[in-house]
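The values are calculated or read from the model by the stated rules, or taken from the named source; none is laboratory data. The model shown is predicted, which means the values in this text are computed figures rather than measured ones. Virtual Cβ from ideal backbone geometry, glycine too; neighbours counted across all protein chains shown. Areas reflect the complete protein model, heavy atoms only, side chains present, ligands, DNA and RNA absent. Shrake-Rupley method; radii C 1.70, N 1.55, O 1.52, S 1.80 Å.
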Amino acid sequence: ACSSKYVLSQMHPMWQGPLAVPGGDRQSPIDIVVRKSVFDSKLKPLETEYDPQTCQQIWNNGYSFLVEYDDTTDKSTLKGGPLQDRFRLCQFHFHWGESNSWGSEHTVDRRLFPAELHLVHWNSDKYRLFEEAVMEDNGLAVIGVFLKVGKRHEGLQKLVDALPAIRHKGSVVEFTRFDPGCLLPTNTDDYWTYHGSLTTPPLNESVTWIVMKQHIEVSHDQLAVFRSLLFTSAEEEVQKSMVNNFRVQQPLRGRTVRSSFT
Ligand SMILES: CCCCCNS(=O)(=O)c1cc(S(N)(=O)=O)ccc1C(=O)O
Ligand SMILES: [Zn+2]
(Lines give C-alpha, C1' and ligand atoms only; values in the text may rest on other atoms or scores of the structure.)
(Ligands and ions follow the chains in the order given, each with its own letter.)
Protein backbone atom coordinates (compact mmCIF):
# COMPACT_ATOMS: atom_id res chain seq x y z
CA ALA A 1 0.00 0.00 0.00
CA CYS A 2 1.14 3.54 -0.56
CA SER A 3 1.77 5.10 2.78
CA SER A 4 1.98 2.41 5.42
CA LYS A 5 5.77 2.80 5.56
CA TYR A 6 5.45 6.51 6.10
CA VAL A 7 4.14 7.37 9.53
CA LEU A 8 3.42 11.06 9.56
CA SER A 9 4.15 11.30 13.25
CA GLN A 10 5.87 14.62 12.63
CA MET A 11 2.43 15.70 11.43
CA HIS A 12 1.85 17.47 14.70
CA PRO A 13 -0.49 20.45 14.19
CA MET A 14 2.62 22.62 14.63
CA TRP A 15 3.68 21.83 11.07
CA GLN A 16 0.58 23.60 9.73
CA GLY A 17 2.66 26.75 9.57
CA PRO A 18 3.60 28.10 6.13
CA LEU A 19 6.07 25.25 5.72
CA ALA A 20 7.76 26.46 2.55
CA VAL A 21 9.34 23.97 0.19
CA PRO A 22 12.63 25.27 -1.31
CA GLY A 23 11.81 26.21 -4.91
CA GLY A 24 8.23 25.02 -4.42
CA ASP A 25 6.14 26.65 -7.14
CA ARG A 26 3.35 24.08 -7.31
CA GLN A 27 2.30 23.60 -3.69
CA SER A 28 -1.13 22.58 -2.41
CA PRO A 29 -3.76 23.30 -1.18
CA ILE A 30 -5.00 26.47 -2.92
CA ASP A 31 -8.10 28.64 -3.13
CA ILE A 32 -9.95 27.93 -6.39
CA VAL A 33 -11.05 31.31 -7.78
CA VAL A 34 -13.95 30.25 -9.98
CA ARG A 35 -13.95 33.28 -12.30
CA LYS A 36 -10.18 32.79 -12.91
CA SER A 37 -10.51 29.10 -13.79
CA VAL A 38 -10.28 28.31 -17.51
CA PHE A 39 -12.79 25.97 -19.18
CA ASP A 40 -10.95 23.26 -21.17
CA SER A 41 -13.20 21.31 -23.58
CA LYS A 42 -10.50 18.62 -23.90
CA LEU A 43 -11.06 17.57 -20.26
CA LYS A 44 -12.90 14.22 -20.22
CA PRO A 45 -15.27 12.70 -17.66
CA LEU A 46 -13.55 10.81 -14.85
CA GLU A 47 -13.52 7.03 -15.20
CA THR A 48 -13.22 5.18 -11.89
CA GLU A 49 -13.31 1.42 -11.47
CA TYR A 50 -13.03 0.49 -7.78
CA ASP A 51 -13.09 -3.12 -6.58
CA PRO A 52 -14.24 -3.26 -2.91
CA GLN A 53 -12.32 -6.54 -2.59
CA THR A 54 -9.05 -4.61 -2.76
CA CYS A 55 -9.87 -2.79 0.49
CA GLN A 56 -7.44 -4.00 3.20
CA GLN A 57 -7.16 -1.91 6.36
CA ILE A 58 -7.93 1.32 8.14
CA TRP A 59 -5.38 2.98 10.39
CA ASN A 60 -4.53 6.12 12.36
CA ASN A 61 -1.18 7.50 11.18
CA GLY A 62 -1.11 10.32 13.72
CA TYR A 63 -2.29 12.86 11.18
CA SER A 64 -5.47 11.46 9.63
CA PHE A 65 -7.00 8.01 9.24
CA LEU A 66 -6.26 6.14 6.04
CA VAL A 67 -8.26 3.40 4.32
CA GLU A 68 -5.66 1.44 2.36
CA TYR A 69 -6.17 -0.63 -0.76
CA ASP A 70 -4.16 -3.43 -2.33
CA ASP A 71 -2.36 -1.59 -5.14
CA THR A 72 -0.33 -4.55 -6.45
CA THR A 73 -2.69 -4.93 -9.44
CA ASP A 74 -4.84 -2.63 -11.58
CA LYS A 75 -8.09 -3.63 -9.88
CA SER A 76 -9.06 -0.22 -8.48
CA THR A 77 -8.19 2.47 -10.98
CA LEU A 78 -8.83 6.01 -12.19
CA LYS A 79 -8.42 7.23 -15.76
CA GLY A 80 -9.85 9.90 -18.05
CA GLY A 81 -10.45 13.40 -16.71
CA PRO A 82 -7.20 15.37 -17.22
CA LEU A 83 -5.12 12.20 -17.10
CA GLN A 84 -3.17 10.59 -19.94
CA ASP A 85 -2.45 7.37 -18.04
CA ARG A 86 -4.19 4.89 -15.73
CA PHE A 87 -3.75 5.46 -12.00
CA ARG A 88 -4.10 2.90 -9.20
CA LEU A 89 -5.95 3.71 -5.94
CA CYS A 90 -3.70 3.28 -2.93
CA GLN A 91 -5.57 5.01 -0.09
CA PHE A 92 -8.16 7.54 0.87
CA HIS A 93 -8.27 9.83 3.91
CA PHE A 94 -9.91 13.03 5.11
CA HIS A 95 -9.06 16.47 6.55
CA TRP A 96 -11.48 18.17 8.97
CA GLY A 97 -11.86 20.97 11.52
CA GLU A 98 -12.73 21.14 15.18
CA SER A 99 -15.97 22.85 14.16
CA ASN A 100 -18.22 22.65 11.11
CA SER A 101 -17.05 26.13 10.08
CA TRP A 102 -13.75 24.98 8.62
CA GLY A 103 -11.67 21.89 7.89
CA SER A 104 -11.22 21.56 4.14
CA GLU A 105 -7.80 22.09 2.52
CA HIS A 106 -9.02 23.56 -0.77
CA THR A 107 -11.59 26.35 -0.86
CA VAL A 108 -13.83 27.65 -3.65
CA ASP A 109 -13.89 31.45 -3.80
CA ARG A 110 -12.61 31.33 -0.22
CA ARG A 111 -15.56 29.16 0.88
CA LEU A 112 -14.50 26.64 3.53
CA PHE A 113 -16.10 23.24 3.98
CA PRO A 114 -16.16 21.26 7.23
CA ALA A 115 -14.08 18.46 5.70
CA GLU A 116 -12.44 17.19 2.50
CA LEU A 117 -11.96 13.62 1.20
CA HIS A 118 -8.77 12.72 -0.73
CA LEU A 119 -8.53 9.58 -2.88
CA VAL A 120 -4.84 9.02 -3.64
CA HIS A 121 -3.84 7.24 -6.88
CA TRP A 122 -0.46 6.64 -8.57
CA ASN A 123 0.49 6.28 -12.25
CA SER A 124 0.77 2.53 -12.81
CA ASP A 125 1.29 2.92 -16.58
CA LYS A 126 4.63 4.66 -16.03
CA TYR A 127 5.85 3.44 -12.61
CA ARG A 128 5.96 0.14 -10.79
CA LEU A 129 5.55 1.35 -7.20
CA PHE A 130 3.86 4.22 -5.38
CA GLU A 131 7.22 5.16 -3.87
CA GLU A 132 8.61 5.68 -7.37
CA ALA A 133 5.56 7.57 -8.67
CA VAL A 134 5.46 9.97 -5.70
CA MET A 135 8.82 11.40 -6.90
CA GLU A 136 7.58 12.23 -10.44
CA ASP A 137 5.72 15.25 -11.88
CA ASN A 138 2.99 13.04 -13.31
CA GLY A 139 3.19 10.39 -10.62
CA LEU A 140 0.05 10.96 -8.53
CA ALA A 141 -3.60 11.89 -9.04
CA VAL A 142 -5.70 12.86 -6.03
CA ILE A 143 -9.47 13.32 -6.21
CA GLY A 144 -10.73 15.90 -3.69
CA VAL A 145 -14.38 15.86 -2.57
CA PHE A 146 -15.85 18.48 -0.23
CA LEU A 147 -18.04 17.33 2.67
CA LYS A 148 -20.99 19.34 3.94
CA VAL A 149 -22.97 18.65 7.13
CA GLY A 150 -26.49 17.53 6.36
CA LYS A 151 -28.14 14.18 5.94
CA ARG A 152 -26.44 11.01 7.14
CA HIS A 153 -24.23 9.28 4.54
CA GLU A 154 -25.29 5.63 4.67
CA GLY A 155 -22.18 4.36 2.84
CA LEU A 156 -19.86 6.21 5.25
CA GLN A 157 -21.34 4.61 8.37
CA LYS A 158 -19.34 1.36 8.02
CA LEU A 159 -16.18 3.47 8.12
CA VAL A 160 -17.45 5.63 11.02
CA ASP A 161 -18.19 2.45 13.02
CA ALA A 162 -14.55 1.33 12.59
CA LEU A 163 -13.04 4.56 13.96
CA PRO A 164 -13.29 3.87 17.73
CA ALA A 165 -10.99 0.87 17.16
CA ILE A 166 -8.24 3.14 15.75
CA ARG A 167 -8.58 6.02 18.22
CA HIS A 168 -4.82 6.27 18.87
CA LYS A 169 -1.90 7.01 16.53
CA GLY A 170 -0.45 3.79 15.18
CA SER A 171 -3.56 1.63 15.57
CA VAL A 172 -4.63 -0.49 12.59
CA VAL A 173 -7.63 -2.75 12.06
CA GLU A 174 -8.68 -4.94 9.17
CA PHE A 175 -11.21 -3.18 6.96
CA THR A 176 -12.59 -4.96 3.92
CA ARG A 177 -15.19 -4.81 1.18
CA PHE A 178 -15.57 -1.04 1.20
CA ASP A 179 -16.41 0.64 -2.12
CA PRO A 180 -14.83 4.12 -2.18
CA GLY A 181 -17.04 4.93 -5.16
CA CYS A 182 -19.91 5.39 -2.69
CA LEU A 183 -18.08 8.50 -1.41
CA LEU A 184 -18.02 10.22 -4.82
CA PRO A 185 -20.73 12.78 -5.64
CA THR A 186 -23.41 11.81 -8.17
CA ASN A 187 -21.93 14.24 -10.70
CA THR A 188 -18.25 13.44 -11.34
CA ASP A 189 -18.17 15.21 -14.72
CA ASP A 190 -17.75 18.67 -13.19
CA TYR A 191 -14.38 19.30 -11.58
CA TRP A 192 -11.42 21.71 -11.36
CA THR A 193 -7.91 20.43 -12.03
CA TYR A 194 -4.42 21.86 -11.44
CA HIS A 195 -0.86 20.70 -10.88
CA GLY A 196 0.08 20.68 -7.20
CA SER A 197 1.62 18.73 -4.39
CA LEU A 198 1.05 16.48 -1.43
CA THR A 199 -0.30 18.57 1.43
CA THR A 200 1.73 16.60 3.95
CA PRO A 201 5.51 16.21 4.15
CA PRO A 202 7.42 15.43 2.02
CA LEU A 203 5.10 17.77 0.03
CA ASN A 204 6.19 16.24 -3.29
CA GLU A 205 5.12 18.27 -6.34
CA SER A 206 3.82 15.18 -8.09
CA VAL A 207 0.04 15.54 -7.82
CA THR A 208 -2.54 16.21 -10.51
CA TRP A 209 -5.38 17.49 -8.35
CA ILE A 210 -8.98 16.81 -9.42
CA VAL A 211 -11.36 18.74 -7.13
CA MET A 212 -15.04 17.85 -7.57
CA LYS A 213 -17.50 20.70 -7.95
CA GLN A 214 -20.31 18.77 -6.24
CA HIS A 215 -19.94 18.01 -2.53
CA ILE A 216 -21.24 15.04 -0.55
CA GLU A 217 -23.27 15.27 2.66
CA VAL A 218 -22.49 13.58 5.98
CA SER A 219 -24.33 14.01 9.30
CA HIS A 220 -23.10 16.11 12.20
CA ASP A 221 -22.83 12.93 14.29
CA GLN A 222 -20.72 11.16 11.64
CA LEU A 223 -18.30 14.05 11.53
CA ALA A 224 -18.20 14.17 15.34
CA VAL A 225 -16.76 10.63 15.31
CA PHE A 226 -13.86 11.86 13.10
CA ARG A 227 -13.11 14.36 15.89
CA SER A 228 -13.06 11.60 18.50
CA LEU A 229 -9.82 10.30 16.96
CA LEU A 230 -6.53 11.28 18.59
CA PHE A 231 -3.23 12.58 17.20
CA THR A 232 -1.50 10.86 20.09
CA SER A 233 -0.64 7.24 20.81
CA ALA A 234 -2.01 5.27 23.75
CA GLU A 235 1.30 5.67 25.65
CA GLU A 236 1.36 9.49 25.58
CA GLU A 237 0.09 11.07 28.78
CA VAL A 238 -1.55 14.09 27.12
CA GLN A 239 -4.18 13.07 24.55
CA LYS A 240 -4.74 15.51 21.67
CA SER A 241 -7.94 15.41 19.58
CA MET A 242 -7.36 14.82 15.90
CA VAL A 243 -8.87 18.02 14.48
CA ASN A 244 -7.72 20.84 12.14
CA ASN A 245 -5.44 18.40 10.25
CA PHE A 246 -5.31 20.59 7.15
CA ARG A 247 -2.41 22.53 5.64
CA VAL A 248 -2.48 26.31 5.21
CA GLN A 249 -3.13 27.45 1.65
CA GLN A 250 -0.21 27.99 -0.71
CA PRO A 251 0.53 30.63 -3.38
CA LEU A 252 -0.74 29.92 -6.89
CA ARG A 253 2.62 30.99 -8.47
CA GLY A 254 1.03 31.70 -11.84
CA ARG A 255 -0.65 28.32 -12.19
CA THR A 256 -3.94 28.02 -14.12
CA VAL A 257 -6.83 26.07 -12.65
CA ARG A 258 -8.82 24.45 -15.45
CA SER A 259 -12.52 23.51 -15.26
CA SER A 260 -14.29 20.68 -17.06
CA PHE A 261 -17.52 22.70 -17.10
CA THR A 262 -18.67 26.18 -18.05
C1 LIG B 1 6.79 8.21 0.20
C2 LIG B 1 6.13 9.20 1.13
C3 LIG B 1 4.65 9.35 0.76
C4 LIG B 1 3.98 10.28 1.75
C5 LIG B 1 2.60 10.66 1.25
N6 LIG B 1 1.73 9.53 1.23
S7 LIG B 1 0.26 9.73 0.62
O8 LIG B 1 -0.46 8.50 0.78
O9 LIG B 1 0.41 10.22 -0.72
C10 LIG B 1 -0.58 10.96 1.52
C11 LIG B 1 -1.12 12.02 0.79
C12 LIG B 1 -1.79 13.02 1.45
S13 LIG B 1 -2.52 14.32 0.51
N14 LIG B 1 -3.32 15.29 1.50
O15 LIG B 1 -3.41 13.67 -0.43
O16 LIG B 1 -1.42 15.06 -0.11
C17 LIG B 1 -1.92 13.02 2.81
C18 LIG B 1 -1.37 11.97 3.55
C19 LIG B 1 -0.69 10.94 2.92
C20 LIG B 1 -0.10 9.88 3.79
O21 LIG B 1 0.77 9.12 3.39
O22 LIG B 1 -0.54 9.82 4.95
ZN1 LIG C 1 -5.15 14.77 2.00
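Any chance you could run the full-extension gain for GLN239 through LYS148? It's 0.36 nm times the residue separation minus the Cα-Cα distance, nm to one decimal.
Working: separation 91, 0.36 × 91 = 32.76 nm, distance 2.73 nm.
Taking 0.36 nm per residue and subtracting the Cα distance, the gain is 30.0 nm.
Averaged per residue, what accessible area in Å² does the chain show with a 1.4 Å probe, protein chains only?
43
Mind listing the lone cysteines of the chain, meaning no other Cys beta-carbon sits under 4.7 Å from theirs?
CYS55, CYS182
Taking K and R as +1 and D and E as -1, what net charge do the other residues with C-beta under 14 Å from the C-beta of SER241 add up to? Numbers along the way, then the final one.
Details: positive: ARG167, LYS169, ARG227, LYS240; negative: GLU98, GLU236.
Here the count lands on +2.
Applying 1/(1 + (r/R0)^6) with R0 = 30 Å to the Cβ-Cβ distance of VAL173 and VAL38, what FRET efficiency is obtained, to the nearest 0.05?
So the FRET efficiency works out to roughly 0.10.
First compute the accessible area of the stretch 41-106 with a 1.4 Å probe, then give the percent of it belonging to carbon and sulfur atoms. Show your work: numbers first, answer last.
Working: 1000 of 2380 Å².
For the stretch 41-106, the apolar C and S fraction of the accessible surface comes to 42 percent.
If you find the alpha carbon centre of the stretch 199-225 and of the stretch 148-170, how far apart are they in angstrom?
The two parts, judged by their Cα centres, are 15 Å apart.
So what's the stretch 85-146 giving for Cα Rg divided by 2.2 N^0.38 Å, two decimals? Each step should come with its number before you reach the end.
Details: Rg = 14.0 Å, N = 62, 2.2 N^0.38 = 10.6 Å.
Computed over Cα atoms of the stretch 85-146, the ratio equals 1.33.
For the chain, just the Cα atoms, rotate onto the principal axes and tell me the three extents in Å, largest first.
So the extents along the principal axes, rounded to whole Å, are 52, 40, 37.
Which net charge results for the neighbourhood of VAL142, defined as the other residues with beta-carbon distances under 12 angstrom from its beta-carbon, given Lys and Arg at +1 and Asp and Glu at -1?
Taking every Cβ under 12 Å from that of VAL142, the sum is -2.
For the stretch 184-252, which GluC sites (Glu not before Pro) are both in a DSSP coil and crowded by at most 12 other Cβ atoms within 10 Å? Show your work: numbers first, answer last.
Details: sites: GLU205, GLU217, GLU235, GLU236, GLU237; in loops: GLU205, GLU235, GLU236, GLU237.
Filter output for the stretch 184-252: GLU235, GLU236, GLU237.
Where does the stretch 52-159 land on the Kirkwood hydrodynamic radius, alpha-carbon pairs, in angstrom?
Every distinct Cα pair counted, the radius reaches 15.1 Å.
Working only with C-alpha atoms, what are the Rg and Dmax values of the stretch 27-104, expressed in angstrom?
Using the Cα atoms of the stretch 27-104, the pair Rg, Dmax is 16.1, 41 Å.
Tell me, rounded to the nearest percent, the portion of alpha carbon pairs in the stretch 91-207 spaced more than 19 Å apart.
Values: 3844 of 6786 pairs.
Tail fraction, whole percent: 57.
Counting each DSSP H run of 4 or more residues in the chain as -39500 (n - 2.57), what helix-only mean residue ellipticity at 222 nm follows after dividing by all residues, to the nearest 500 deg cm²/dmol?
After summing the helix terms and dividing by residue count, I get -1500 deg cm²/dmol.
Can you give the FRET efficiency for LYS126 and ALA224, using 1/(1 + (r/R0)^6), R0 = 51 Å, r = Cβ-Cβ distance, to the nearest 0.05?
It comes to 0.80.
Sort 116-124, 29-37 for me by packing, meaning the mean count of neighbouring Cβ atoms within 10 Å per residue, highest on top. Please list the in-between numbers first.
Working: 116-124: 25.0, 29-37: 16.0.
Going by the mean number of other Cβ atoms within 10 Å, highest first, we get 116-124, 29-37.
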